[in-house]
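The values are calculated or read from the model by the stated rules, or taken from the named source; none is laboratory data. Values in this document were obtained by computation on a predicted structure and should not be read as measured data. Virtual Cβ from ideal backbone geometry, glycine too; neighbours counted across all protein chains shown. These area figures cover heavy atoms from the full protein model, side chains too; ligands, DNA and RNA do not enter into them. Shrake-Rupley method; radii C 1.70, N 1.55, O 1.52, S 1.80 Å.
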Amino acid sequence: MHRHAGLTLGVASLVGTTVGCLVLWKLFNRRRQLCTSVDQKDLCTALTTEDQSSEHNVRPHLERSSVFSVEKILQAEVKIVTRAEEWETVWPLLQRDLDEYPVLGMDCEWVSVDGRTNPISLLQMASHSGLCVLVRLPRLVSTGCNIPKTLVALLANNSVLKVGVGCWDDASKLMNDYCLSVRGIVDIRYLAMRQRRDIFQNSLSLKSLSETILCYPLDKSFQLRCSNWDAEEFTQDQVFYAARDAQVSIALFLQLLGFFSSDLPKPWELFLGKCQGLIDIPFKGKGVVNGDVNFVPKPKKEEPVEQSNTNSQGDPRRHKKKPLGVGYSVRKSPLYDNCFLHAPDGQPLCTCDRKKAQWYLDKGIGDLISSDPFVVRLRFEPSGRPESSVDYYLTVKENLCVVCGKRESYIRKNIVPHEYRRHFPIQMKDHNSHDVLLLCTSCHAVSNYYDNSFKQQLAVEFSAPIGCEEGVRMLEDPVRRQVRSAARALLNASKLPENRREELLSELRAFYSTAEISEEMLKEAANLETRIFNETYTPHGLKVVQCFARGGLKSLMELEKRWRQHFLDKMAPKFLPQQWSVDHNHSKLIKKYGEDLPIQLG
């Protein structure tokens with residue numbers, strides 16, 4: 001009797017415990033859904049504050065202000081850009097917001113077909129006010145025009161932050177697909193781990209961060225994520241989805257930095273300081289080290305990229321893992337020292353740098369005439385003298401960006417790219433510093449974009465392809481590859497059917513022109529080099545120069561002039577040195593060598 005009573009009591013306890021757990025689970029689940037069951041266009045009224053340590057000190061009216069501000073971002077206007085004229089209409093609105101807070105939420109969408117990704121279909125950008133611009137890049141390019149200069153400059157401008165989840169990968173793909181350099185990147189995931197101690201690495205998706213920090217659910221359904229972003233017209237759901245990604249990115253950034261925690265506007269420098277060490281750093285999934293959420297990922301050592309005008313950079317598909325234009329190595333010293341060299345009779349010859357002027361003094365073939373400005377008079381008769389006192393090489397040049405006038409973070413820019421200039425005859429290589437100018441990093445990236453477009457134009461015009469099958473130095477020989485594959489199969493597959501084994505041996509006999517295949521020949525064939533030198537290969541730059549060289553010296557000057565005019569047309573420089581000209585040195589070369597000069601390419 002006691003056994004039955006105990007058993008009954010045990011079963012009752014177990015049932016009671018189970019029911020109690022179910023009730024508690026339902027209460028917990030219901031409470032959890034209070035924040036996530038809101039409509040897509042509304043926010044939960046309980047937004048998370050900037051830092052858990054200050055949660056208990058937040059005043060009610062500040063919390064209401066936060067709700068209103070984030071809600072305003074998510075309900076702001078959305079503009080779709082498919083043509084350059086539409087961008088010119090939207091740009092002033094975006095620029096007005098950037099003048100106040102230079103930061104953009106950024107994201108990209110593209111289509112994948114059979115496991116291969118197409119070029120980016122849509123670039124989404126949202127300002128701090130929530131204004132969202134959806135740029136359909138393929139439509140801009142397909143019209144035959146370049147991407148607007150202001151858009152190229154905006155992406156390349158490192159003083160405007162581009163924030164989002166995975167924005168480094170988006171930036172790399174923009175470079176690969178459109179030669180667009182994106183700088184000033186901040187991955188929100190690093191910022192979230194630095195600012196919030198309750199964020200874990202397994203909940204760092206944009207959807208998770210939005211729900212955790214903003215209490216705002218994002219629709220990341222497969223149907224929307226993988227919808228046709230190349231469609232003729234977007235559906236309302238597509239527009240809403242694309243805009244939300246960019247708007248939520250900027251809202252997360254501002255919320256994490258305490259943008260909404262005060263009714264008074266805060267200086268931008270305060271927010272920028274909280275991003276120290278996180279700008280232009282690819283996300284590696286490491287933000288917490290030994291419990292330290294303030295760990296700053298060590299930036300990669302920047303590789304010097306003085307200019308991006310080689311063949312491989314002309315075709316961005318060649319280096320998908322190396323986003324170009326992101327890590328410029330700026331000059332550590334001025335380019336122009338504006339020292340003067342004088343002839344023995346005192347006639348000014350040219351300006352030069354301090355190192356060259358000092359060399360004449362150290363060799364004892366020059367005398368110091370003045371220290372400020374630094375003037376050296378030569379003790380020998382120079383090989384040539386300037387034709388007039390207004391010669392380009394006599395002008396004093398300022399160390400600033402010739403396009404925008406910026407006086408810091410500048411680098412050299414070859415107006416005629418080296419891949420063409422290196423093949424010019426020696427007569428046209430002498431004194432070519434005229435075509436080396438200073439550009440700031442942003443203008444340099446913009447100029448490279450337009451240079452790549454012009455190279456593609458020359459490639460079509462002169463049948464000088466860049467990075468395609470006809471233009472590779474080494475080609476894969478299908479016959480040698482098949483022989484190598486057959487030899488490896490015979491060596492490694494011991495149970496081949498007799499008829500298949502005979503087929504493979506026949507291929508080897510035909511290749512070596514012999515009736516018997518020895519073990520040594522099999523091993524040699526298994527390590528056969530399958531790539532062969534392409535004798536018809538001609539680099540793009542050399543082929544273009546060869547085409548112009550057929551017309552003689554004047555024709556080659558035309559190529560030089562076209563590149564100089566291209567720079568003027570696309571960049572509209574406002575601070576060019578005096579006497580800089582698209583016809584520089586041309587009349588002097590004709591006068592000295594004549595139009596019939598035999599052209600010997602370098």
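Report the net charge of residues surrounding residue 93, where surrounding means a beta-carbon distance below 14 angstrom and charges are Lys +1, Arg +1, Asp -1, Glu -1. Let's see the in-between values first.
Values: positive: 79, 96; negative: 77, 86, 88, 97, 99, 100.
That works out to -4.
Counting other C-beta atoms within 10 Å, and keeping those with at most 10, which DSSP coil GluC sites (Glu not before Pro) do you find in segment 216-282? Intermediate results must be reported in sequence, preceding the final value.
Values: sites: 232, 233, 269; in loops: 232, 233.
Loop-located and lightly packed - 232, 233.
What list of ³J(HN,Hα) couplings, whole Hz, do you get for segment 69-76 from phi and the Karplus terms 6.51, -1.76, 1.60, once you set θ to phi - 60° and write x for glycine and proline?
Those phi angles translate into 5, 5, 4, 5, 4, 6, 10, 6 Hz.
Does segment 372-452 come out rounded, prolate or oblate, given a ≥ b ≥ c as the square roots of the eigenvalues of its C-alpha gyration tensor, rounded meaning a/c under 1.5 and, failing that, prolate meaning a/b above b/c?
Details: a/c = 2.91, a/b = 1.40, b/c = 2.08.
Taking the square roots of the gyration eigenvalues as a ≥ b ≥ c, segment 372-452 is oblate.
From the square roots a ≥ b ≥ c of the eigenvalues of the alpha-carbon gyration tensor of segment 469-602, which class results: rounded (a/c under 1.5), prolate (a/b over b/c), or oblate?
On the way: a/c = 6.09, a/b = 3.33, b/c = 1.83.
It comes out prolate by the Cα gyration axes.
Amide H of residue 410 versus every other amide H placed in the peptide plane: which residues, excluding those fewer than 5 positions away on the same chain, fall under 5 Å?
331
When the Karplus curve 6.51 cos²θ - 1.76 cosθ + 1.60 is applied with θ = phi - 60°, which whole-Hz ³J(HN,Hα) does each residue of segment 145-158 get, with x for Gly and Pro?
Result, rounded to whole Hz: 9, 6, 4, x, 4, 5, 6, 4, 5, 4, 5, 7, 7, 6.
Quick one: pull the percent of accessible area on segment 410-526 belonging to carbon and sulfur, 1.4 Å probe, ligands and nucleic acids left out. Walk me through the numbers on the way to the answer.
Numbers: 2870 of 5890 Å².
C and S fraction of accessible area: 49 percent.
If a/c stays under 1.5 just call it rounded; otherwise compare a/b with b/c (prolate if a/b is bigger, oblate if not). Do that for segment 83-143, with a ≥ b ≥ c from the square roots of the Cα gyration tensor eigenvalues. Write out the running numbers ahead of the final one.
Numbers: a/c = 4.11, a/b = 1.72, b/c = 2.40.
In terms of gyration-tensor shape, oblate.
Based on the Cβ-Cβ distance of residue 333 and residue 228, what FRET efficiency does E = 1/(1 + (r/R0)^6) give at R0 = 51 Å, to the nearest 0.05?
Details: r = 52 Å, r/R0 = 1.03.
The computed FRET efficiency comes out at 0.45.
List the GluC sites (Glu not before Pro) within segment 503-559 that DSSP assigns to loop and that have no more than 10 neighbouring Cβ atoms inside 10 Å. Walk me through the numbers on the way to the answer.
Working: sites: 503, 507, 516, 519, 520, 524, 529, 535, 558; in loops: 516, 529, 535.
Qualifying residues, ordered by number: 516, 529, 535.
Quick one: if you stick a label point 7 Å off each Cα along the C-beta vector at residue 457 and residue 579, how many nm between them?
The modelled label-to-label distance comes out at 3.0 nm.
Name the residues whose placed amide hydrogens come within less than 5 Å of the amide hydrogen of residue 374, ignoring near sequence neighbours (fewer than 5 apart) on the same chain.
Hits under the 5 Å cutoff: 340.
I'd like to check one number: the per residue accessible area of segment 454-602, probe 1.4 Å, reported in Å² as a whole number.
On the way: 9080 Å² over 149 residues.
It amounts to 61 Å² per residue over segment 454-602.
Going through segment 508-559, which chymotrypsin sites (Phe, Trp or Tyr not before Pro) have at most 11 other Cβ atoms within 10 Å and a DSSP loop state?
Numbers: sites: 511, 512, 533, 537, 548; in loops: 537.
Of the chymotrypsin sites (Phe, Trp or Tyr not before Pro), not one in the loops of segment 508-559 has a Cβ with at most 11 other Cβ atoms within 10 Å.
State which entries of 570/591; 173/570; 149/413; 149/455; 173/413; 363/413 exceed 28 angstrom in Cα-Cα distance in the structure shown.
Flagged as over cut-off: 570/591; 363/413.
Summing +1 for each Lys or Arg and -1 for each Asp or Glu, what net charge is found among the other residues whose Cβ lies under 13 Å from the Cβ of residue 484?
On the way: positive: 480, 481, 488, 523, 531; negative: 476, 477, 507, 524, 529.
Here the charged neighbours net out to 0.
At a 10 angstrom cut-off on C-beta neighbours, averaged per residue, how do the peptides 403-415, 581-593 rank from highest to lowest?
Numbers: 403-415: 17.9, 581-593: 14.1.
Descending packing order for the listed peptides: 403-415, 581-593.
Quick one: 3J(HN,Hα) in Hz for segment 559-575, Karplus 6.51/-1.76/1.60 with θ = phi - 60°, rounded, Gly and Pro as x.
With coefficients 6.51, -1.76 and 1.60, one gets 4, 4, 5, 5, 5, 5, 5, 4, 4, 5, 5, 7, 9, 6, x, 9, 10 Hz.
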